[in-house]
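Peer 1: Got a structure for you, questions after.
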Amino acid sequence: MYIIAKLHPKQVSILPPVVSSMPVTFRSEIDLKKKNVVVTSSAIAQLVTAACGDMRGNIFTLQRQGGQLSGACWNFAQIDNLTYAYTSGTNKISNIADAASATYKAKGFNPGGGTGSYTYDVNGNITSDPYKNMTVQYNHLNLPKLMTFAGSPNKTVDILYDAAGMKLRKTVKTGTTTNYTQDYIGGIEYRDGVREAIHHAEGRVKYTSPTTTRYEYTIKDHLGNARISFTDLNANGVVNVTNVPATNEVLQENHYYPFGLNTEGPWMNDASIDNKYPLVQVSDLN
């Protein structure tokens, strides 16, 4: 009998995940009137150190350590050394500076080569992210409807919702060329009009061709994040683990830091499964 878990592909964020790519406001349980108080969690003190600096509990600095692969060894190094600036009198982050080593900063917040400040609409939604060269437009429900990534040419992600805010379609384009269209009907997904997967309580049915299916199952952790996805390719009732992709039945393996970011490692990962839902709240912009 397999241990299985339920994922909710419809209940995911379509913006970049907070832990790895978006600004975050932290509120501690300490007296926020005290200035420059270092806040750590005993469980993750070796990984995260933050300093609150105002009465709103906003983070002023954040340092995070991460595991780095170096040959056969897994060593810790600083992946984030962030300094936050805020628009005066608000909780809105203006910009973030990262002083981590260029060798490792891409493993964390990863500002890239972007410069400038975040901008917001009157409802507090981010309308531009200088570190992703991204602008965002929202609909009347405050849901992002169009994301544009500057480039030559621009890349866009256009989202269509129903009246209740449920996602119906995602259209990804490069310039005027449509890369693909993803349709969502209940737990069923179609790519370019072809049925791709049926999500259900135990995992999903993946269509490897229009007439061939593969049953995939997921084990999740106590937070609801997917940890292991597997199948039974030879239908023998046993999950076989091999070094050969064609016979290895563990399709995807995920490990996370306490602050939510994926850890780097020699984990098993079959790129063909195209699973965009490893987290409870994840980005599907990939």
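Condition check ((1) out of contact with any Phe, Trp or Tyr (no Cβ under 6 Å at 6 or more places or on another chain); (2) closer than 30 Å to P266 by Cα) across all residues:
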residue	(1), (2)
N81	yes, yes
T90	yes, no
A106	yes, yes
G116	yes, no
Y131	yes, yes
Q137	yes, no
P144	no, no
L160	yes, no
M166	yes, no
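Peer 1: How many residues, within region 86-113, are among the polar types (S, T, N, Q) and surrounded by 15 or more Cβ atoms within 10 Å (Cβ to Cβ)?
Peer 2: Total meeting the criteria: 3.
Peer 1: Report, by residue number, each residue of region 212-248 that is of a type in the set (A, V, I, L, M) and either assigned to a loop (DSSP other than H, G, I, E, B) or not assigned by TED's automatic domain parsing to the domain that holds I198 (or both).
Peer 2: Correct list: L223, L233, A235, V238, V239, V241, V244, A246.
Peer 1: If we keep just the residues of region 233-270 that are under 18 Å from G203 (Cα atoms) and of a type in the set (D, E), which is surrounded by the fewest Cβ atoms within 10 Å (Cβ to Cβ)?
Peer 2: Here the answer is E253.
Peer 1: When you scan region 30-43, do you find a residue that is at negative phi, modelled with pLDDT of 50 or more, of a type in the set (A, V, I, L, M, F, W, C) and in contact with a Lys or Arg (Cβ under 8 Å, 6 or more places away or on another chain), even just one?
Peer 2: no
Peer 1: Still on this structure, please answer the following. Anything in region 183-199 that is of a type outside the set (K, R) and surrounded by 14 or more Cβ atoms within 10 Å (Cβ to Cβ)? List them, or say none.
Peer 2: Hits for region 183-199 are D183, Y184, G187, I188, E189, Y190, E196, A197, I198, H199.
Peer 1: For A197, are the conditions met, namely being small (G, A, S), touching a residue at least 40 places away in the same chain (Cβ under 8 Å), within 26 Å of N225 (Cα to Cα) and in the same structural domain as Y217 (by TED's automatic domain parsing)?
Peer 2: It is false that A197 is small (G, A, S), touching a residue at least 40 places away in the same chain (Cβ under 8 Å), within 26 Å of N225 (Cα to Cα) and in the same structural domain as Y217 (by TED's automatic domain parsing).
Peer 1: Hey, among G67, G112, which residue is on the phi > 0 side of the Ramachandran plot, of a type in the set (G, A, S) and not assigned by TED's automatic domain parsing to the domain that holds W267?
Peer 2: One residue alone meets the criteria, G112.
The values are calculated or read from the model by the stated rules, or taken from the named source; none is laboratory data. A quick note: this is a predicted structure, and the numbers were derived from the prediction, not measured. Reconstructed Cβ throughout: ideal geometry from the backbone, glycine too, with neighbour counts over all protein chains shown.
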